[in-house]
Every structure is written in structure tokens, then in C-alpha cells.
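Engineer: This is the structure I have questions about; it appears just below.
The values are calculated or read from the model by the stated rules, or taken from the named source; none is laboratory data. None of the values given here were measured: they were computed from a predicted structure. Methodologically, a virtual Cβ is constructed for each residue, glycine included, from the backbone with ideal geometry; neighbour enumeration extends over all protein chains shown. For the accessible areas, the whole protein counts, side chains as well, though only heavy atoms, and no ligand, DNA or RNA atoms are used. Shrake-Rupley method; radii C 1.70, N 1.55, O 1.52, S 1.80 Å.
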Amino acid sequence: MSVTPTLATAQRFLADQNVSRMFGTRLVAFGAESAVVELDIRAEISNHHGAVHGGILAYAADTALAFAGGAALGPDVVTSGLTIDYIAPAVGRTLRASGVVMRAAGRRAACRCELHAIADDGTETLVAVAQGTIVAPERTTEQTTPAPERADGQTPAQERKEERATRKAALRLGRIGTPTVQQVLTERRRTRDNDDGATVALVIEGGGMRGIVSAAMAAVLEEEGLLESVDMIVGTSAGAVNAAALAVGAAGAMAESYAEVFASPEFIDVRRIARGRPVIDGERIVGHVDHLLDIGAAAGTDWAGRLAMVATDVETGRAEALTDFRDRDDLINCLHASGLLPLLAGDPVVWRDRRWLDGGIVEAVPVVTAAARGATHAIVLATRPAGTQPAYGAADVVVERYLRRLNPELAAAYRGRPHRYRETLQQVRDGWSHGMSTVALTPGLGDPLPSRLERDQVALRAARQAAGDVARSLLRELR
């Protein structure tokens, strides 16, 4: 396979693998940071129910993810981690795995794969979704002559620089030996030094008015001075608004404003449907947040390059990180793009010469983006209890149809959203996701949970109080 391989070259590379020949795996599409592989469904790869064995589904996903990652990073890649969520039995004529790069940076690519079973009549059934991290290992050169001994005159600063480089390399090796989030935060707060080889991300979920949950958690982190130990903030939708508020030191005021300001028909009103207008006035919301909290000022600070807002590109169907804000107007429009809920908030936002929709279509909890941007550790603020997932009802069917008209990739991503959400949150709760050590702040199963369009101030205040209590409890454990 060459550095920029063609489909034919990639197919030869696949054919060289014994396992591919054994299963009859075919690479049918390759390039533009994507790959599609197919297998014939036959008895030899089926379980006792007559469906393709789950291990074979994982193999197909791994293959598609690896070739998609290779299209972005080059031919020499390995899978650092992979998770798969099984949705339906894989029965029919052909198994197709479609891998796509969601984000590539440096030597890492965060990828997503959807697996479909194709029936004899051509009907496709989504049978599994997977996500994984593909890595291009660092190349090392062998020394042909003995390395020179270290000069006696090496300065302490040089020694410290070498130690930091060694620690950073160790962090990239994987889960074993990687310090936990708690250990990194404790040491940073003790030494007041973040130059330790780690990159700590604060990852913030939104969810419309349910964003009051992550806002309340962020406010507690702000109160406790934890932001000083964070290297980047990544937010989706309302989580992006909360992230921007953190960047200007206004997380507490943001948490208050959900119930006291934005639970108003001025900003959210389902009666607008009857007049053919969007239920949510997203442009007015972000403009008013800026008016109240001056969040646009973050564009002129150090946070401009360390703050990322996840939005979905309509043309590609992929989640993208909007960052490096040029000015206040750029930041505010990126916020609007990140939270443009399909149908509920109107037509896609056009900004930076592209069309955008809500980042939660693809990545409600943006850990993949954080990992792709180089994070080694992540503190995740989620707005749903662990073990739960977004419902998928009649209204979602309407949204899916709307998205299919815009781009079938959007519809597929939206359909797989509940399963990706549950799997992602479970990984985060388990302490390891996409090559990062993680810790999660989530509401309890019995805690009040506002809806996406919640306007009941009592319910919102109760959710804010409960989420703040969760954050304080976890911080006591992290000390």
C-alpha cells in the first residue's frame, strides 16, 4: 500500500491477510477517509440462531475502521480500541461494514462504523454500530553505532524536558500504566504545574434545556478552581454554550439562567409550530447569552484555541470541532451551529462556508472529538444517568425523514444515536474511552431530569440542585 493508496492497492493489502482470505472479505470502497468492506453471509460465520456471529461483526467493523483510518493517516496503522453495540440479528445475503473518520489529528483518528445486513431483495437492516480509535505508531530508527553518553554538563531544565517527553510517550502507550484522572488532577493541583505530558479535557454534553444539568456541574468545577488543571474544553449543543461560559468565568451565572431567563416563550414555544416557525429560537438564545455573560469575549483569550464546539456538517454527515475563533461574531455563530436542533430550531446554519446542524446528531457526548484533539484524560459532564439512552419515538421518525432528505448519512447517524450514546457513556463510566482515562459526572437514576424543551422553572431548579450535589460529591472523591 502506498502513502496515498488507491482502491486497488488497498484491496491487494487486504488480500495479503490470511484472515481476510479465510472469510472472503472484500474491500468495495476506499478513500476520502472512509472505507466499505463486505462479506457473504453463510453458515460458516453464523451462530446457532442463524445470524452472523458477533465476533465476525466485530472483525468486519475493525477492518472497515482500520482502512478508513489508514485513508487518513497512511498505511501503517493499528486499532487502539474498539467498541461495538449489537442492534439486530445479521441475516440475509451480505454483511456490509461502512467505516468513516470522524476526526483525525496527529497520529490518531477517531472513527465510526455502521454494519448493515443486506437481504436478497436489497433491503438493508442496521445490525450494529461501532466506534474505534486508529493510531499510526511512531516510527523508531535503529542505532547502528552506540549512542553517545550524556554530557555531564546537562542542565536541570534539559533533564526535566526529557522526563516530560518520556512521561508523555508513556501516556500514549495505552491504559496499562496510564495515571488516572484523579492522579493527574491531584498532582497538578499540588504542584500548580500542568506540564506533565498529559492533556486533560473537560467534555460537556448538552441536550437543550437539559443542559442545565451539565451547567450546574460546570459551575461547581469553576467554584472549586478545577479549570486551572484543564487543558481544553469540548462541548456539544447546549454543552458548547456551557463551555463558553466556563471560558469567561461565568459558569455559575449560566447555570442560573436556564431556569431564571431561558424558560420563557421568548426563546422556546411549541405553539410556533402552528405558525410554521421553529420552536426554538437558537439565534436569539446565543445572542442573549452573549448579552448577559459576554461569552464572545472568549474569542480574544487563550481559550480561543482550547475551546471546541462540536457541530454536524450537513454535507459530510460528520461531527466537526469548531475552534480557533477569529472574533466574537465567529464564536457566537459557531455556538448557534453546534446547537441547531433539526426541525425544532429551523434550517441549518450557514457559517464558515458550510451548513451545520446540532452536534448531538453524531456525538452528543463529544469524547471522540476530545481524543482526536489529543486528550489523554477526560472529565465528562453528562446530562443523563448511566445505563440510559435517548428515546426514539414518533417525533424522531419525522426528524430522521427530514435528515434523510438533506443527506442519508445524517439519517443513519441519527438512527444510531441512542446506541452510540449508551455505549459511550458506559465506556466513560468504566474509566477508559478512545485511548483516554476518563471520569464521569452523571445524574442519578432518581434525580430530576428536565426534557429538551423544559420550561417548568421548579423542575429546572430541582435538576440544577441535584446536579450540583453530584458534582460536589465526586470532587470530594477526587481530592
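Engineer: Tell me yes or no: at least one residue of the stretch 330-353 is in contact with a Pro (Cβ under 6 Å, 6 or more places away or on another chain) and at positive phi. Steps first, please.
Structural biologist: First, pick out the residues of the stretch 330-353 that are in contact with a Pro (Cβ under 6 Å, 6 or more places away or on another chain): 345-346.
Narrowing the set further to residues that are at positive phi leaves 346.
Within the stretch 330-353 (the criterion being in contact with a Pro (Cβ under 6 Å, 6 or more places away or on another chain) and at positive phi), the answer is yes, since at least one residue qualifies.
Engineer: Any chance the stretch 265-273 includes a residue that's assigned to a helix (DSSP H, G or I) and under 17 Å from residue 212 (Cβ atoms)?
Structural biologist: The answer is no, given that none of the residues of the stretch 265-273 is assigned to a helix (DSSP H, G or I) and under 17 Å from residue 212 (Cβ atoms).
Per-residue answers, yes or no, for (1) touching a strand residue (DSSP E or B) at 6+ places or on another chain (Cβ under 9 Å); (2) under 19 Å from residue 10 (Cβ atoms); (3) modelled with pLDDT of 90 or more; (4) in a loop (DSSP other than H, G, I, E, B):
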{"site": "81", "(1), (2), (3), (4)": "yes, no, no, no"}
{"site": "92", "(1), (2), (3), (4)": "yes, no, yes, yes"}
{"site": "96", "(1), (2), (3), (4)": "yes, yes, yes, no"}
{"site": "99", "(1), (2), (3), (4)": "yes, yes, yes, no"}
{"site": "103", "(1), (2), (3), (4)": "yes, no, no, no"}
{"site": "109", "(1), (2), (3), (4)": "yes, yes, no, no"}
{"site": "114", "(1), (2), (3), (4)": "yes, no, yes, no"}
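Engineer: Within the set of pairs 6 or more residues apart or between chains, which connect a residue that is at positive phi inside the stretch 15-33 to a residue that is assigned to a strand (DSSP E or B) with Cβ atoms less than 8 Å apart?
Structural biologist: Taking only residues 6 or more apart or on different chains, the pairs are 24/39; 24/40; 33/100; 33/101; 33/104; 33/109.
Matching residues to (1) at pLDDT 95 or above; (2) of a type in the set (Gly, Ala, Ser); (3) open to solvent by less than 50 Å² (accessible area, probe 1.4 Å); (4) in a helix (DSSP H, G or I):
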{"position": "5", "(1), (2), (3), (4)": "no, no, yes, no"}
{"position": "14", "(1), (2), (3), (4)": "no, no, yes, yes"}
{"position": "61", "(1), (2), (3), (4)": "yes, yes, yes, yes"}
{"position": "75", "(1), (2), (3), (4)": "no, no, yes, no"}
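Engineer: Whether any residue in the stretch 430-439 is of a type in the set (S, T, N, Q), outside any helix (DSSP H, G or I), at pLDDT below 95 and within 20 Å of residue 319 (Cβ to Cβ) is what I want to check.
Structural biologist: First pass over the stretch 430-439, keeping only residues of a type in the set (S, T, N, Q): 433, 437-438.
If we keep only those that are outside any helix (DSSP H, G or I) too, we end up with 433, 437-438.
Among the residues that remain, those that are also at pLDDT below 95 are: 433, 437-438.
With the extra rule that they be within 20 Å of residue 319 (Cβ to Cβ), the set shrinks to 433, 438.
Yes - at least one qualifying residue is present in the stretch 430-439.
Engineer: In addition: Picking from 310, 350, 397, 368, which residue would you name as being in contact with a helix residue (DSSP H, G or I) (Cβ under 7 Å, 6 or more places away or on another chain) and not charged (D, E, K, R)? Steps first, please.
Structural biologist: Working: 350 fails: in contact with a helix residue (DSSP H, G or I) (Cβ under 7 Å, 6 or more places away or on another chain); 397 fails: in contact with a helix residue (DSSP H, G or I) (Cβ under 7 Å, 6 or more places away or on another chain); 368 fails: in contact with a helix residue (DSSP H, G or I) (Cβ under 7 Å, 6 or more places away or on another chain).
Testing whether each residue is in contact with a helix residue (DSSP H, G or I) (Cβ under 7 Å, 6 or more places away or on another chain) and not charged (D, E, K, R) leaves just 310.
Engineer: Next question, about the same structure. Of the conditions (1) over 22 Å from the mean Cα position of the chain (by Cα); (2) under 21 Å from residue 236 (Cβ atoms); (3) of a type in the set (Ser, Thr, Tyr), residue 473 fails just one. Which one is it?
Structural biologist: Here residue 473 clears every test but (2).
Engineer: Take residue 56 and decide whether it is modelled with pLDDT of 90 or more, over 28 Å from residue 321 (Cβ atoms) and in contact with a Ser or Thr (Cβ under 8 Å, 6 or more places away or on another chain). Can you show your working first?
Structural biologist: Values: modelled with pLDDT of 90 or more: yes; over 28 Å from residue 321 (Cβ atoms): yes; in contact with a Ser or Thr (Cβ under 8 Å, 6 or more places away or on another chain): no.
Taking the combined requirement at face value, the residue does not satisfy it.
Engineer: Continuing with this model, one more query. Can you name the condition, by its number, that residue 414 falls short on among (1) touching a helix residue (DSSP H, G or I) at 6+ places or on another chain (Cβ under 7 Å); (2) within 27 Å of residue 441 (Cα to Cα); (3) surrounded by fewer than 19 Cβ atoms within 10 Å (Cβ to Cβ); (4) not β-branched (Val, Ile, Thr)?
Structural biologist: (3)
Engineer: Residue by residue through the stretch 338-348, note down the ones that are outside any loop (DSSP other than H, G, I, E, B) and open to solvent by 10 Å² or more (accessible area, probe 1.4 Å). So that I can check it myself, show each step before the final result.
Structural biologist: Narrowing the stretch 338-348 to residues outside any loop (DSSP other than H, G, I, E, B): 338, 343, 346.
If the condition is that a residue be outside any loop (DSSP other than H, G, I, E, B) and open to solvent by 10 Å² or more (accessible area, probe 1.4 Å), then 343, 346 are the ones that fit.
Engineer: Report the residue count in the stretch 234-264 for those that are surrounded by fewer than 20 Cβ atoms within 10 Å (Cβ to Cβ) and in a helix (DSSP H, G or I).
Structural biologist: Residues flagged as surrounded by fewer than 20 Cβ atoms within 10 Å (Cβ to Cβ) and in a helix (DSSP H, G or I) within the stretch 234-264 amount to 4.
Engineer: Being of a type outside the set (A, V, I, L, M, F, W, C), modelled with pLDDT of 95 or more and open to solvent by 30 Å² or more (accessible area, probe 1.4 Å) is the filter here; which residues of the stretch 284-302 pass it? Write out each step before concluding.
Structural biologist: Pass one, the stretch 284-302, residues of a type outside the set (A, V, I, L, M, F, W, C): 284, 287-288, 290-291, 294, 296, 300-302.
Now restrict to residues that are modelled with pLDDT of 95 or more: 284, 287-288, 290-291, 294, 296.
The answer is 284, 287, 288, 291, 294.
Engineer: Related question: Does the stretch 423-439 hold any residues that are more than 14 Å from the chain's Cα centre (by Cα) and small (Gly, Ala, Ser), and which are they? Write out each step before concluding.
Structural biologist: Going residue by residue through the stretch 423-439, those that are more than 14 Å from the chain's Cα centre (by Cα) are 429-431, 437, 439.
If the condition is that a residue be more than 14 Å from the chain's Cα centre (by Cα) and small (Gly, Ala, Ser), then 431, 437 are the ones that fit.
Engineer: OK, next. Name the single residue that is nearest to residue 373 (Cα to Cα) among those in the stretch 280-337 being charged (D, E, K, R) and part of a loop (DSSP other than H, G, I, E, B). Spell out how you get there, then give the answer.
Structural biologist: Keep residues of the stretch 280-337 that are charged (D, E, K, R), which gives 281, 283-284, 290, 294, 302, 306, 313, 315, 318, 320, 324, 326-330.
Right, trim to part of a loop (DSSP other than H, G, I, E, B) and you get 281, 294, 306, 315, 324, 326-327.
Working: 281: 31, 294: 26, 306: 10, 315: 22, 324: 13, 326: 19, 327: 22 Å.
Looking at the filtered set, the residue picked out is 306.
Engineer: Related question: When the stretch 358-391 is examined, which residues are found to be part of a loop (DSSP other than H, G, I, E, B), within 19 Å of residue 312 (Cβ to Cβ) and modelled with pLDDT under 90?
Structural biologist: Hit for the stretch 358-391 is 373, nothing else.
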